[in-house]
Ligand SMILES: NC(=O)c1ccc[n+]([C@@H]2O[C@H](COP(=O)([O-])OP(=O)(O)OC[C@H]3O[C@@H](n4cnc5c(N)ncnc54)[C@H](O)[C@@H]3O)[C@@H](O)[C@H]2O)c1
(Lines give C-alpha, C1' and ligand atoms only; values in the text may rest on other atoms or scores of the structure.)
Protein backbone atom coordinates (compact mmCIF):
# COMPACT_ATOMS: atom_id res chain seq x y z
CA UNK A 1 0.00 0.00 0.00
CA UNK A 2 1.30 3.45 -0.76
CA UNK A 3 -0.06 6.41 1.10
CA UNK A 4 1.24 9.94 1.13
CA UNK A 5 3.17 10.76 4.28
CA UNK A 6 1.47 13.19 6.62
CA UNK A 7 4.55 15.16 7.48
CA UNK A 8 3.67 18.00 5.21
CA UNK A 9 2.00 18.04 1.84
CA UNK A 10 2.10 21.27 -0.10
CA UNK A 11 -1.60 21.83 0.42
CA UNK A 12 -1.54 21.48 4.17
CA UNK A 13 1.58 23.57 4.44
CA UNK A 14 0.14 26.36 2.31
CA UNK A 15 -1.51 27.93 5.28
CA UNK A 16 -0.26 27.00 8.71
CA UNK A 17 -3.48 28.20 10.29
CA UNK A 18 -5.67 26.13 8.00
CA UNK A 19 -7.46 29.10 6.48
CA UNK A 20 -6.72 28.51 2.83
CA UNK A 21 -10.11 26.89 2.21
CA UNK A 22 -11.76 30.20 3.03
CA UNK A 23 -9.78 31.84 0.24
CA UNK A 24 -10.62 29.43 -2.55
CA UNK A 25 -13.46 30.17 -4.92
CA UNK A 26 -16.84 29.03 -3.67
CA UNK A 27 -18.30 25.96 -5.31
CA UNK A 28 -21.58 26.62 -7.12
CA UNK A 29 -23.45 24.03 -5.09
CA UNK A 30 -22.60 23.17 -1.48
CA UNK A 31 -21.66 19.60 -0.61
CA UNK A 32 -24.65 17.64 0.72
CA UNK A 33 -23.51 16.15 4.01
CA UNK A 34 -24.95 13.89 6.70
CA UNK A 35 -23.86 13.72 10.32
CA UNK A 36 -23.89 10.17 11.68
CA UNK A 37 -23.85 10.05 15.49
CA UNK A 38 -25.57 12.91 17.30
CA UNK A 39 -24.44 12.25 20.87
CA UNK A 40 -22.01 14.46 22.81
CA UNK A 41 -19.65 15.53 19.99
CA UNK A 42 -21.96 15.34 16.96
CA UNK A 43 -23.84 18.61 17.69
CA UNK A 44 -20.54 20.55 17.47
CA UNK A 45 -19.94 19.11 14.02
CA UNK A 46 -23.53 19.84 12.97
CA UNK A 47 -23.31 23.46 14.17
CA UNK A 48 -20.13 24.07 12.19
CA UNK A 49 -21.41 22.33 9.06
CA UNK A 50 -24.59 24.40 9.19
CA UNK A 51 -22.47 27.58 9.36
CA UNK A 52 -19.98 26.71 6.60
CA UNK A 53 -21.19 27.69 3.11
CA UNK A 54 -19.23 24.81 1.52
CA UNK A 55 -21.67 22.35 3.14
CA UNK A 56 -25.41 21.84 3.15
CA UNK A 57 -26.39 19.84 6.22
CA UNK A 58 -28.80 17.48 4.49
CA UNK A 59 -29.34 14.81 7.15
CA UNK A 60 -28.80 13.90 10.78
CA UNK A 61 -28.54 10.20 11.59
CA UNK A 62 -28.47 8.41 14.93
CA UNK A 63 -29.52 4.85 15.72
CA UNK A 64 -31.03 6.22 18.94
CA UNK A 65 -34.02 8.50 18.36
CA UNK A 66 -33.38 10.34 21.67
CA UNK A 67 -30.28 12.37 20.63
CA UNK A 68 -31.77 12.70 17.16
CA UNK A 69 -34.87 14.44 18.55
CA UNK A 70 -32.69 16.76 20.63
CA UNK A 71 -30.54 17.95 17.72
CA UNK A 72 -33.34 18.05 15.12
CA UNK A 73 -34.87 21.22 16.59
CA UNK A 74 -31.63 23.12 15.93
CA UNK A 75 -31.47 22.05 12.27
CA UNK A 76 -35.07 21.96 11.05
CA UNK A 77 -34.11 21.71 7.36
CA UNK A 78 -32.13 18.50 7.84
CA UNK A 79 -33.69 15.05 7.37
CA UNK A 80 -33.62 12.88 10.49
CA UNK A 81 -32.65 9.26 9.90
CA UNK A 82 -32.40 6.33 12.30
CA UNK A 83 -31.17 3.69 9.84
CA UNK A 84 -27.68 4.27 8.40
CA UNK A 85 -28.75 2.37 5.24
CA UNK A 86 -31.06 5.29 4.43
CA UNK A 87 -28.08 7.64 4.54
CA UNK A 88 -26.25 5.39 2.10
CA UNK A 89 -29.24 5.27 -0.24
CA UNK A 90 -29.76 9.06 -0.37
CA UNK A 91 -28.09 10.43 -3.51
CA UNK A 92 -28.26 13.99 -2.17
CA UNK A 93 -25.70 12.98 0.44
CA UNK A 94 -22.21 13.27 -1.05
CA UNK A 95 -20.30 13.11 2.22
CA UNK A 96 -20.78 11.70 5.70
CA UNK A 97 -19.27 12.85 8.97
CA UNK A 98 -19.13 9.98 11.45
CA UNK A 99 -19.19 10.73 15.20
CA UNK A 100 -20.20 7.36 16.60
CA UNK A 101 -18.26 5.24 19.16
CA UNK A 102 -14.76 4.15 18.01
CA UNK A 103 -15.52 0.46 17.34
CA UNK A 104 -18.09 1.52 14.73
CA UNK A 105 -15.77 3.91 12.86
CA UNK A 106 -14.11 1.54 10.38
CA UNK A 107 -17.26 -0.49 9.56
CA UNK A 108 -19.39 2.64 8.97
CA UNK A 109 -16.63 4.39 7.00
CA UNK A 110 -16.21 1.30 4.83
CA UNK A 111 -19.92 1.11 4.04
CA UNK A 112 -20.07 4.83 3.26
CA UNK A 113 -17.10 4.60 0.87
CA UNK A 114 -18.66 1.59 -0.86
CA UNK A 115 -21.81 3.70 -1.31
CA UNK A 116 -19.73 6.43 -3.00
CA UNK A 117 -19.67 8.96 -0.13
CA UNK A 118 -16.67 10.99 1.03
CA UNK A 119 -15.96 10.33 4.70
CA UNK A 120 -14.77 12.34 7.67
CA UNK A 121 -14.55 9.94 10.58
CA UNK A 122 -13.88 11.03 14.13
CA UNK A 123 -10.72 9.89 15.86
CA UNK A 124 -9.53 7.18 16.03
CA UNK A 125 -9.85 6.12 12.39
CA UNK A 126 -10.21 2.50 13.55
CA UNK A 127 -9.64 0.43 16.66
CA UNK A 128 -7.12 -1.87 14.98
CA UNK A 129 -4.44 -1.21 12.40
CA UNK A 130 -5.79 -4.04 10.23
CA UNK A 131 -9.22 -2.37 10.07
CA UNK A 132 -7.66 1.05 9.49
CA UNK A 133 -5.54 -0.18 6.58
CA UNK A 134 -8.57 -1.91 5.06
CA UNK A 135 -10.64 1.26 5.03
CA UNK A 136 -7.65 3.34 3.86
CA UNK A 137 -7.12 1.01 0.92
CA UNK A 138 -10.80 1.22 0.05
CA UNK A 139 -10.57 5.02 -0.03
CA UNK A 140 -7.61 4.80 -2.38
CA UNK A 141 -9.40 2.37 -4.68
CA UNK A 142 -12.59 4.41 -4.82
CA UNK A 143 -10.76 7.74 -5.13
CA UNK A 144 -12.98 9.22 -2.43
CA UNK A 145 -11.78 11.43 0.41
CA UNK A 146 -11.25 9.67 3.73
CA UNK A 147 -10.21 11.93 6.57
CA UNK A 148 -9.74 11.13 10.26
CA UNK A 149 -10.90 13.91 12.59
CA UNK A 150 -7.72 14.92 14.41
CA UNK A 151 -9.00 18.32 15.42
CA UNK A 152 -5.91 19.49 17.28
CA UNK A 153 -3.77 19.77 14.16
CA UNK A 154 -6.08 22.68 13.26
CA UNK A 155 -5.69 24.40 16.63
CA UNK A 156 -4.04 27.82 16.19
CA UNK A 157 -2.14 27.29 19.48
CA UNK A 158 -0.82 23.90 18.34
CA UNK A 159 0.22 25.52 15.06
CA UNK A 160 1.96 28.33 16.93
CA UNK A 161 4.10 25.77 18.80
CA UNK A 162 4.82 23.94 15.54
CA UNK A 163 6.01 27.23 14.05
CA UNK A 164 8.24 27.91 17.07
CA UNK A 165 9.77 24.44 16.65
CA UNK A 166 10.22 24.92 12.89
CA UNK A 167 11.86 28.29 13.40
CA UNK A 168 14.24 26.70 15.93
CA UNK A 169 13.11 29.00 18.73
CA UNK A 170 12.90 25.98 21.04
CA UNK A 171 16.05 24.28 19.74
CA UNK A 172 16.42 20.50 19.77
CA UNK A 173 13.50 19.00 21.65
CA UNK A 174 14.79 16.92 24.58
CA UNK A 175 11.39 15.76 25.78
CA UNK A 176 7.71 16.66 25.97
CA UNK A 177 5.31 16.08 28.82
CA UNK A 178 1.55 16.12 28.44
CA UNK A 179 -1.35 16.00 30.89
CA UNK A 180 -4.87 15.47 29.60
CA UNK A 181 -7.08 15.02 32.65
CA UNK A 182 -10.66 15.70 33.67
CA UNK A 183 -13.68 14.06 35.22
CA UNK A 184 -14.39 12.38 31.91
CA UNK A 185 -17.11 10.40 30.26
CA UNK A 186 -16.56 6.65 30.65
CA UNK A 187 -16.32 4.70 27.42
CA UNK A 188 -15.87 0.98 26.94
CA UNK A 189 -12.76 1.45 24.79
CA UNK A 190 -10.80 2.97 27.67
CA UNK A 191 -9.02 6.27 28.18
CA UNK A 192 -6.11 5.56 25.81
CA UNK A 193 -8.42 5.04 22.82
CA UNK A 194 -10.40 8.15 23.81
CA UNK A 195 -7.70 10.68 24.69
CA UNK A 196 -4.29 9.47 23.43
CA UNK A 197 -5.17 10.21 19.76
CA UNK A 198 -5.17 13.92 20.68
CA UNK A 199 -1.68 13.83 22.19
CA UNK A 200 -0.36 11.57 19.46
CA UNK A 201 -1.69 13.82 16.71
CA UNK A 202 -0.09 16.88 18.32
CA UNK A 203 3.24 15.16 19.00
CA UNK A 204 3.48 13.72 15.50
CA UNK A 205 2.53 17.08 14.01
CA UNK A 206 5.10 18.95 16.08
CA UNK A 207 7.99 16.54 15.82
CA UNK A 208 7.40 15.37 12.21
CA UNK A 209 8.91 11.98 12.95
CA UNK A 210 7.66 8.52 13.72
CA UNK A 211 7.03 6.93 17.10
CA UNK A 212 9.37 3.95 17.31
CA UNK A 213 8.49 2.60 20.74
CA UNK A 214 5.66 2.95 23.20
CA UNK A 215 5.04 1.72 26.71
CA UNK A 216 1.93 2.22 28.80
CA UNK A 217 0.58 1.36 32.19
CA UNK A 218 -2.88 2.11 33.47
CA UNK A 219 -5.30 1.61 36.26
CA UNK A 220 -8.90 0.41 36.29
CA UNK A 221 -10.75 1.63 39.36
CA UNK A 222 -14.29 0.79 38.33
CA UNK A 223 -14.35 -1.72 35.46
CA UNK A 224 -11.76 -4.41 34.93
CA UNK A 225 -10.26 -4.00 31.48
CA UNK A 226 -11.41 -0.38 31.07
CA UNK A 227 -8.53 1.80 32.27
CA UNK A 228 -9.66 5.30 33.14
CA UNK A 229 -6.09 6.44 33.86
CA UNK A 230 -2.98 5.74 31.80
CA UNK A 231 0.67 6.76 31.70
CA UNK A 232 2.15 6.48 28.24
CA UNK A 233 5.81 6.93 27.27
CA UNK A 234 6.76 7.39 23.65
CA UNK A 235 10.15 7.33 21.97
CA UNK A 236 10.50 9.04 18.61
CA UNK A 237 12.95 8.20 15.84
CA UNK A 238 15.48 10.88 16.84
CA UNK A 239 15.44 9.75 20.48
CA UNK A 240 13.11 12.53 21.67
CA UNK A 241 10.78 11.16 24.34
CA UNK A 242 7.31 12.16 25.45
CA UNK A 243 5.36 11.24 28.52
CA UNK A 244 1.58 11.50 28.43
CA UNK A 245 -0.75 11.27 31.43
CA UNK A 246 -4.37 10.55 30.58
CA UNK A 247 -7.26 10.34 32.99
CA UNK A 248 -11.04 10.57 33.27
CA UNK A 249 -10.61 10.64 37.03
CA UNK A 250 -9.33 14.09 37.94
CA UNK A 251 -10.88 16.96 39.90
CA UNK A 252 -10.45 19.56 37.15
CA UNK A 253 -9.73 19.83 33.47
CA UNK A 254 -6.03 19.90 32.61
CA UNK A 255 -4.85 20.13 28.99
CA UNK A 256 -1.20 21.03 29.21
CA UNK A 257 1.89 20.15 27.20
CA UNK A 258 5.45 21.30 27.88
CA UNK A 259 8.23 20.93 25.35
CA UNK A 260 11.73 21.26 26.74
CA UNK A 261 14.29 22.23 24.14
CA UNK A 262 17.97 23.06 24.01
CA UNK A 263 17.21 26.79 23.59
CA UNK A 264 13.87 27.40 25.28
CA UNK A 265 10.92 25.70 26.89
CA UNK A 266 7.36 26.13 25.66
CA UNK A 267 4.11 25.53 27.48
CA UNK A 268 0.84 24.97 25.63
CA UNK A 269 -2.23 25.13 27.84
CA UNK A 270 -5.42 24.47 25.89
CA UNK A 271 -7.58 25.65 28.80
CA UNK A 272 -5.96 29.11 28.81
CA UNK A 273 -8.17 30.65 26.13
CA UNK A 274 -6.39 34.02 25.77
CA UNK A 275 -2.78 33.01 26.28
CA UNK A 276 -2.45 29.30 25.42
CA UNK A 277 1.27 29.44 24.52
CA UNK A 278 4.14 30.68 26.68
CA UNK A 279 7.77 30.56 25.65
CA UNK A 280 10.24 30.50 28.51
CA UNK A 281 13.85 31.50 27.94
CA UNK A 282 14.77 29.19 30.77
CA UNK A 283 17.05 26.23 31.06
CA UNK A 284 20.57 25.18 31.91
CA UNK A 285 23.72 25.76 29.94
CA UNK A 286 26.98 23.92 30.36
CA UNK A 287 29.81 26.38 31.03
CA UNK A 288 33.22 25.69 29.50
CA UNK A 289 35.36 24.00 32.13
CA UNK A 290 37.93 26.30 33.73
CA UNK A 291 39.91 23.28 34.91
CA UNK A 292 40.31 19.89 33.29
CA UNK A 293 37.19 17.80 33.90
CA UNK A 294 35.31 20.49 35.76
CA UNK A 295 31.93 21.24 34.17
CA UNK A 296 29.42 23.69 35.55
CA UNK A 297 25.75 24.12 34.89
CA UNK A 298 24.64 27.72 34.61
CA UNK A 299 20.95 28.36 35.18
CA UNK A 300 19.26 30.62 32.66
CA UNK A 301 16.14 32.47 33.83
CA UNK A 302 15.28 34.81 30.98
CA UNK A 303 12.04 36.36 29.75
CA UNK A 304 8.68 34.73 29.22
CA UNK A 305 7.15 35.57 25.83
CA UNK A 306 3.43 35.09 25.16
CA UNK A 307 2.86 35.02 21.39
CA UNK A 308 -0.47 36.24 20.04
CA UNK A 309 -2.58 33.30 18.91
CA UNK A 310 -5.54 33.79 16.59
CA UNK A 311 -8.90 32.64 17.94
CA UNK A 312 -10.26 30.28 15.28
CA UNK A 313 -12.37 27.24 16.15
CA UNK A 314 -10.26 24.21 15.18
CA UNK A 315 -13.33 22.15 14.28
CA UNK A 316 -14.42 24.74 11.71
CA UNK A 317 -10.95 24.69 10.15
CA UNK A 318 -11.03 20.88 10.09
CA UNK A 319 -14.37 20.87 8.27
CA UNK A 320 -13.16 23.50 5.79
CA UNK A 321 -10.17 21.27 5.09
CA UNK A 322 -12.54 18.33 4.52
CA UNK A 323 -14.52 20.40 1.98
CA UNK A 324 -11.26 21.47 0.32
CA UNK A 325 -10.08 17.85 0.11
CA UNK A 326 -13.38 16.76 -1.46
CA UNK A 327 -13.26 19.54 -4.04
CA UNK A 328 -9.62 19.27 -4.98
CA UNK A 329 -8.79 15.62 -4.25
CA UNK A 330 -5.81 16.79 -2.21
CA UNK A 331 -4.76 15.37 1.13
CA UNK A 332 -6.20 17.15 4.15
CA UNK A 333 -3.83 18.12 6.94
CA UNK A 334 -5.44 15.48 9.16
CA UNK A 335 -4.93 12.68 6.70
CA UNK A 336 -5.11 8.91 6.52
CA UNK A 337 -1.38 8.35 7.08
CA UNK A 338 -1.53 10.36 10.31
CA UNK A 339 -4.68 8.48 11.33
CA UNK A 340 -3.06 5.10 10.69
CA UNK A 341 0.07 5.96 12.65
CA UNK A 342 -2.13 6.94 15.57
CA UNK A 343 -4.17 3.74 15.33
CA UNK A 344 -0.90 1.74 15.33
CA UNK A 345 0.41 3.60 18.39
CA UNK A 346 -2.87 3.22 20.33
CA UNK A 347 -2.91 -0.49 19.51
CA UNK A 348 0.70 -0.90 20.68
CA UNK A 349 -0.08 1.04 23.89
CA UNK A 350 -2.96 -1.38 24.57
CA UNK A 351 -0.64 -4.38 24.19
CA UNK A 352 1.96 -2.75 26.44
CA UNK A 353 -0.68 -2.14 29.11
CA UNK A 354 -1.66 -5.80 29.07
CA UNK A 355 2.04 -6.65 29.56
CA UNK A 356 2.45 -4.29 32.55
CA UNK A 357 4.21 -1.60 30.55
CA UNK A 358 6.57 -3.74 28.46
CA UNK A 359 7.82 -1.49 25.63
CA UNK A 360 6.34 -2.26 22.22
CA UNK A 361 7.88 -1.42 18.87
CA UNK A 362 5.50 0.73 16.82
CA UNK A 363 4.59 -0.46 13.36
CA UNK A 364 5.09 2.28 10.78
CA UNK A 365 2.17 2.15 8.38
CA UNK A 366 3.78 4.66 6.01
CA UNK A 367 7.24 5.68 4.89
CA UNK A 368 8.34 9.16 6.00
CA UNK A 369 7.60 11.82 3.41
CA UNK A 370 10.56 13.29 1.56
CA UNK A 371 11.79 16.46 3.26
N1 LIG B 1 -12.32 15.64 18.04
C2 LIG B 1 -12.65 15.79 19.32
O3 LIG B 1 -12.16 16.67 20.00
C4 LIG B 1 -13.67 14.85 19.92
C5 LIG B 1 -14.27 15.16 21.12
C6 LIG B 1 -15.21 14.27 21.64
C7 LIG B 1 -15.50 13.10 20.97
N8 LIG B 1 -14.88 12.82 19.81
C9 LIG B 1 -15.15 11.57 19.07
O10 LIG B 1 -16.51 11.61 18.62
C11 LIG B 1 -17.03 10.29 18.60
C12 LIG B 1 -18.34 10.27 19.35
O13 LIG B 1 -18.10 10.57 20.71
P14 LIG B 1 -19.28 11.04 21.66
O15 LIG B 1 -18.64 11.39 22.95
O16 LIG B 1 -20.13 12.03 20.95
O17 LIG B 1 -20.07 9.66 21.83
P18 LIG B 1 -21.61 9.50 22.22
O19 LIG B 1 -21.73 8.11 22.72
O20 LIG B 1 -22.06 10.63 23.07
O21 LIG B 1 -22.39 9.62 20.84
C22 LIG B 1 -22.32 8.63 19.85
C23 LIG B 1 -23.67 8.57 19.15
O24 LIG B 1 -23.55 7.66 18.06
C25 LIG B 1 -24.77 6.94 17.96
N26 LIG B 1 -24.53 5.70 17.22
C27 LIG B 1 -23.87 4.60 17.62
N28 LIG B 1 -23.82 3.69 16.63
C29 LIG B 1 -24.48 4.23 15.58
C30 LIG B 1 -24.76 3.77 14.25
N31 LIG B 1 -24.36 2.57 13.83
N32 LIG B 1 -25.47 4.58 13.43
C33 LIG B 1 -25.89 5.79 13.86
N34 LIG B 1 -25.65 6.28 15.10
C35 LIG B 1 -24.95 5.51 15.95
C36 LIG B 1 -25.20 6.72 19.41
O37 LIG B 1 -26.57 6.46 19.51
C38 LIG B 1 -24.80 8.05 20.05
O39 LIG B 1 -25.86 8.98 20.05
C40 LIG B 1 -15.96 9.39 19.21
O41 LIG B 1 -15.27 8.75 18.19
C42 LIG B 1 -15.03 10.33 19.93
O43 LIG B 1 -13.70 9.86 19.92
C44 LIG B 1 -13.98 13.68 19.26
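Some observations on this one:
- Criterion (over 22 Å from residue 40 (Cα atoms), in contact (Cβ under 8 Å) with a residue 24 or more places away in the chain and either crowded, with 20+ Cβ neighbours inside 10 Å or within 18 Å of the chain's Cα centre (by Cα) (or both)) met by exactly one of 120, 113: 113
- Search result, residues across the range 50-73 that are part of a strand (DSSP E or B) and within 14 Å of the ligand (Cβ to nearest atom): 59, 60, 61
- Criterion violated by residue 224 - all others in (1) modelled with pLDDT of 95 or more; (2) in a loop (DSSP other than H, G, I, E, B) satisfied: (1)
- Selection from the range 117-133 of residues that are more than 22 Å from residue 323 (Cβ to Cβ), touching a helix residue (DSSP H, G or I) at 6+ places or on another chain (Cβ under 7 Å) and away from the ligand (no atom under 16 Å from the Cβ): 129, 133
- Boolean, residue 45 is near the ligand (Cβ under 9 Å from one of its atoms), under 18 Å from residue 321 (Cβ atoms) and part of a helix (DSSP H, G or I): yes
- Test: residue 106 is buried (at least 23 other Cβ atoms within 10 Å of the Cβ), free of Cβ contacts under 8 Å to residues at least 60 places away in the same chain and over 30 Å from residue 278 (Cα atoms): yes
- The range 309-365: number of residues that are in contact (Cβ under 8 Å) with a residue 24 or more places away in the chain and part of a helix (DSSP H, G or I): 32
- Matching residues in the range 123-134 - criterion: being under 18 Å from residue 35 (Cβ atoms) and surrounded by fewer than 18 Cβ atoms within 10 Å (Cβ to Cβ): none
- The range 159-195: number of residues that are closer than 26 Å to residue 279 by Cβ, within 12 Å of the ligand (Cβ to nearest atom) and within 13 Å of the chain's Cα centre (by Cα): 1
- Leading residue by the ranking (farthest from residue 319 (Cα to Cα)) among those in the range 139-168 that are assigned to a helix (DSSP H, G or I) and free of Cβ contacts under 8 Å to residues at least 40 places away in the same chain: 166
- Residues of the range 241-265 that turn out to be under 25 Å from residue 302 (Cα atoms) and over 20 Å from the mean Cα position of the chain (by Cα), as a count: 6
- Those residues of the range 170-183 which are surrounded by fewer than 18 Cβ atoms within 10 Å (Cβ to Cβ) and assigned to a loop (DSSP other than H, G, I, E, B), in sequence order: 171, 172, 182, 183
- Options 137, 167; residue that is surrounded by fewer than 20 Cβ atoms within 10 Å (Cβ to Cβ), out of contact with any helix residue (DSSP H, G or I) (no Cβ under 9 Å at 6 or more places or on another chain) and in the same structural domain as residue 98 (by TED's automatic domain parsing): 137
- Hits in the range 74-105 - residues which are part of a loop (DSSP other than H, G, I, E, B) and within 10 Å of the ligand (Cβ to nearest atom): 82, 83, 99, 100, 101
- Condition broken by residue 34, with the remaining ones in (1) farther than 11 Å from residue 97 by Cβ; (2) more than 8 Å from the ligand (Cβ to nearest atom) satisfied: (1)
- Taken over the range 266-305, the criterion of being surrounded by 14 or more Cβ atoms within 10 Å (Cβ to Cβ) and either outside the structural domain of residue 199 (by TED's automatic domain parsing) or not in a strand (DSSP E or B) (or both) is satisfied by 270, 272, 276.
- Residue within the range 195-203 that is within 28 Å of residue 95 (Cβ to Cβ), touching a strand residue (DSSP E or B) at 6+ places or on another chain (Cβ under 9 Å) and not in a helix (DSSP H, G or I) present: no
- Any hit, the range 312-322, residues being in contact with a helix residue (DSSP H, G or I) (Cβ under 7 Å, 6 or more places away or on another chain), assigned by TED's automatic domain parsing to the domain that holds residue 117, closer than 29 Å to residue 216 by Cβ and surrounded by 23 or more Cβ atoms within 10 Å (Cβ to Cβ): yes
- Residues in the range 13-30 that are in contact with a helix residue (DSSP H, G or I) (Cβ under 6 Å, 6 or more places away or on another chain) and either modelled with pLDDT of 95 or more or within 16 Å of the ligand (Cβ to nearest atom) (or both): 18 alone.
The values are calculated or read from the model by the stated rules, or taken from the named source; none is laboratory data. Since we're looking at a predicted model, the values are computed, not measured. Please note: Cβ atoms are built from the backbone with ideal geometry, for glycine as well, and neighbour counts cover all protein chains shown.
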